[in-house]
Amino acid sequence: MFNERIHNFNAGPSAIPLAVLKKAQSEFLNFEGTGMSIMEMSHRSKEFEAVLARAINGVKSLLNIPDEYAILFLQGGASLQFSMVPMNLATPGKKIDLIQTGVWTQKAHKEAQKQAEVHIAASSEPDKFMRLPALNEIQISPDASYVHMCSNNTIYGTEFNEYPKPPAHIPLIADMSSNILSRPFDIQQFGLVFAGAQKNLGPSGVTLVIIKKELAERADKALPAMLQYRTYIAENSLYNTPPTFGIYMLALMVEHLIALGGLKAVEVRNIAKAKTLYDEIDRTGFFKCPVKKEDRSRMNVVYRIKGGDENLEKEFVQEAEAAGLAGLKGHRSAGGLRASIYNPVEQASIDALVKFMQDFERRKG
Ligand SMILES: *Cc1c(COP(=O)(O)O)cnc(C)c1O
C-alpha cells in the first residue's frame with residue numbers, strides 16, 4: 001500500500017505525466033462547462049470534434065507532418081496493425097519485406113504471411129535479438145510491396161537511430177509503439193507508422209496511425225470497411241464511435257510535449273535519463289546490459305544481475321517494489337530486468353532507481 005504516487009517503470013500500459021493526470025482530473029466531471037465528462041458526450045459534438053482536432057494538430061505540429069499524410073485514431077492496438085498493414089498495402093504478386101528484430105516483428109511476420117510471401121530482409125535472431133541489423137545488412141527485394149520494421153524493440157531493449165532507405169517506390173512501414181514522440185524523426189521517410197498509445201501516448205485503447213494518403217488507395221474495396229485505412233481517412237476517424245477518452249488523453253499528452261519544448265527538448269531529456277541508467281549498469285559489472293552498445297534503447301533498458309542470477313533478480317524486483325519502484329521485471333520471453341523509461345518517466349525516478357541499485361549492489365555484490 002502506498003499513500004502517494006511511486007516510480008513507475010511499467011512497459012505498457014505505463015506512466016502518464018502527473019500534470020496530464022491532474023488536468024484530466026480537473027476536467028473529469030465537467031468538461032469545459034458542458035456539465036458532463038468528455039466520456040459522456042457524443043463523438044459528433046462540437047466539443048469532441050475540437051478535442052479530436054487538438055490531438056491531430058498536436059501530433060502534426062510535433063512531427064511537422066505535411067498534408068499528404070493523414071493522422072488517424074483506430075482501435076485494436078498495435079497488434080491489429082500487424083494485419084491491417086498487409087491487408088491494405090500488400091500488392092498482389094509482390095513480396096512483403098520485413099526486418100526481424102524481436103517478438104513484435106515475429107508477430108507482424110506471422111500475420112503478413114497470411115496475405116503474401118514474406119522476405120526477411122535482415123534478422124538479428126541469430127544474435128538472440130541483442131543487436132540490430134546494420135543498415136548495410138538489410139537486403140530489400142527490388143519489387144517489395146513495402147518494408148516492415150519496428151523502430152524500438154520493447155522486449156529486447158534495442159532501438160534504431162537511423163532508418164533504412166528503401167528505393168522511393170517501396171514504402172517503409174514502422175511499428176513505433178514504444179518510442180513514438182520520444183525523439184524527432186522525418187515522417188517523409190515512411191509510408192505509414194503506427195503506435196499503440198499505452199507506452200508513450202496515454203492510456204490503452206487507441207492506436208495512432210500516420211499514413212501517406214495515397215497508400216490507402218492500394219487496398220481492395222472489398223475489404224471490411226473497418227479494416228480499410230481509406231474509411232478512417234474519409235471520415236476523419238469518425239466512421240464509427242472512436243475511443244473518445246483515449247483520444248482526449250492523447251490530446252493532453254501531445255500538448256504536454258509541446259509545452260516541454262517539442263521533440264528536440266524531449267529527446268534531450270530522454271538521452272540524459274538513459275545515460276544515467278546505462279552508466280550505472282556499466283559501472284562495476286554487477287549489473288550487465290546484454291545489448292550491443294550502439295543499439296541500446298533509450299526507452300526500454302534491459303539488464304541482468306551477475307550474468308543472469310535469477311534468484312538475485314527476483315529479490316531485486318521484490319525489494320524494488322517494496323521501495324516504490326514498480327515494473328522492473330523483464331518481459332517473460334527475455335527474463336532479467338527491464339526499466340521502461342518512456343517520456344513521462346522523470347529524471348527523479350531514474351535517480352531513485354540508480355540509488356536503489358547502488359544500495360542493492362552494496363548489500364548483495
Ligand atoms: C506493446 C507493443 C505492441 C503491441 O501493442 P498492442 O497495442 O498491445 O497490440 C506492438 N509493438 C510494439 C513495438 C510494442 O511495444
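Points to keep in mind about this one:
- Count - residues of the range 338-365 that are outside any helix (DSSP H, G or I) and at pLDDT 95 or above: 9
- From the list ASP97, ASP67, the lone residue that is away from the ligand (no atom under 16 Å from the Cβ), crowded, with 18+ Cβ neighbours inside 10 Å, among the acidic types (Asp, Glu) and modelled with pLDDT of 95 or more is ASP97.
- Within the range 130-162, the set of residues being small (Gly, Ala, Ser) and open to solvent by 20 Å² or more (accessible area, probe 1.4 Å) comprises ALA134 only.
- Candidates PHE129, PHE194, filtered to the one that is more than 26 Å from LEU263 (Cα to Cα), within 16 Å of the ligand (Cβ to nearest atom) and either part of a loop (DSSP other than H, G, I, E, B) or under 12 Å from the mean Cα position of the chain (by Cα) (or both): PHE129
- Pair list, Cβ < 9 Å and 6+ apart or interchain, from the range 15-30 residues that are under 17 Å from ILE341 (Cβ atoms) to residues that are modelled with pLDDT under 95 and exposed (fewer than 11 other Cβ atoms within 10 Å of the Cβ): none
- From LYS199, LYS165, residue being buried (at least 20 other Cβ atoms within 10 Å of the Cβ) and among the charged types (D, E, K, R): LYS199
- Leading residue by the ranking (nearest to LYS293 (Cα to Cα)) among those in the range 151-191 that are of a type in the set (S, T, N, Q) and more than 15 Å from the ligand (Cβ to nearest atom): ASN161
- PHE190 being touching a residue at least 40 places away in the same chain (Cβ under 8 Å) and within 20 Å of VAL254 (Cβ to Cβ): no
- Pair list, Cβ < 7 Å and 6+ apart or interchain, from the range 46-65 residues that are assigned to a helix (DSSP H, G or I) to residues that are at pLDDT below 95 and not hydroxyl-bearing (Ser, Thr, Tyr): none
The values are calculated or read from the model by the stated rules, or taken from the named source; none is laboratory data. Given the structure is predicted, the values throughout are model-derived calculations rather than measurements. As a convention, Cβ positions derive from the backbone with ideal geometry for all residues, glycine included, and neighbour counts pool all protein chains shown. Note: areas computed on protein heavy atoms with side chains; ligands, DNA, RNA excluded. Shrake-Rupley method; radii C 1.70, N 1.55, O 1.52, S 1.80 Å.
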